[in-house]
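Data block below; observations after.
Every number here is computed from the coordinates shown, using simple stated rules; none is lab data. Here the structure is a predicted model, which is why all the values come from computation and not from measurement. Glycine gets a Cβ as well: all are built from the backbone with ideal geometry, and neighbour counts include every protein chain shown.
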Amino acid sequence: MELELPPRTPFNLDHTLNCGQTFRWKKVGDKWVGTVDETAIQISQRGNTLFVQTFPEDAGETLVKKCFRLEDDLPYITSKINRDETIRAAVRHLYGLRIMRQDPWECLISFICATFANIPRIKGMIQSLCQRFGGKITQGGIQFYGFPRKEVLAEASVHELLDCNVGYRAKYIKKTSQSLVDSKFSLDALRKTSYEEARESLLCLTGVGKKVADCVLLFSLEKQEAFPVDIWIRRILQTHYRCHFNITNLENRNLTPRLYKMFNDFGRQYFGKYAGYAQEYLYAEYSPHHNLKNTDKPSLCCTKVSR
């Protein structure tokens, strides 16, 4: 299937899938291969055209548009977050990067796995969970795995989860799975609540801190004002937005709950209702843990707001 993008739908497949927001996509040649729900996808891009193959075949256009949020008005969104030269440079270098719309359950377990782990390790943990507990999809000689259902992980033993190399996260995965099964807690229902209410609900789950909660809200629950803060976002803000923070010796402090709140509040207030897009552009441009680097970057110690 060929999907022609409308003129006002800028989209860069490589930037979107290579920026650390999702962990189950792999580039093979010029194609990206991944799964969405129980559908396997092969997708590539040439100019304004997407070339898509799905298994089963009838999944097609609707799934791709939904997954990659092609309905988002990216020119408008970037115009709202372009407040200074630091973010402007990131948007210019990575234009077409879109926040994806992930399944909330998969997103939740993925970011529980992501705590204190680098991207290759995260991908390995999730792949092991899928191979051990997910459904197998074999099409065209290629084998895919669906993401494990919460009922399956709830019944798994901690020992079985440890076999997937998730370490101490095994007990978190099991307890959170059990909580969602036993309480009939609905992740999907959080789409209709406020950002604050949804975050408080997620924080009640075992293994979910504020960063994990903000990632789940941003990448799967339509809360584009969410602004996840990790060590790299903290360093980016300290480097490029230092004059906004009145704290001495900031480099020597751990990311305490108080500091998380300070950086998170700043991101949401400074960038506004699309702060999550700003966060992802900043992370993809200035974090060392991605392959989207560009040498033409500003070296400002503190970014001033453009008037």
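Observations on the structure shown:
- A simple charge model with +1 on the Cβ of Lys and Arg, -1 on the Cβ of Asp and Glu and nothing else charged puts the dipole of the chain at about 1020 debye relative to its Cα centre.
- Cα Rg over Rh - region 104-220, Kirkwood: 0.97
- Dipole of the chain, positive direction: furthest Cα of SER79, PRO7, PHE68, with charges on the beta-carbon: SER79
- Estimated [θ] at 222 nm from DSSP helical runs (n ≥ 4, -39500 (n - 2.57)) normalised by residues in the chain, nearest 500: -13000 deg cm²/dmol
- Every Cα-Cα pair in region 46-147 was counted, and those over 23 Å apart are 49% of them.
- Using C-alpha pairs below 8 Å separated by at least 6 residues, the relative contact order for the chain is 21 percent.
- Overall Cα dimensions of the chain, principal axis frame, Å, largest first: 53, 43, 34
- Alpha-carbon Debye profile of region 2-71, log10 I(q)/I(0) at 0.24 Å⁻¹: -1.23
- As a ratio to 2.2 N^0.38 Å, the alpha-carbon radius of gyration computed for region 171-242 takes the value 1.24.
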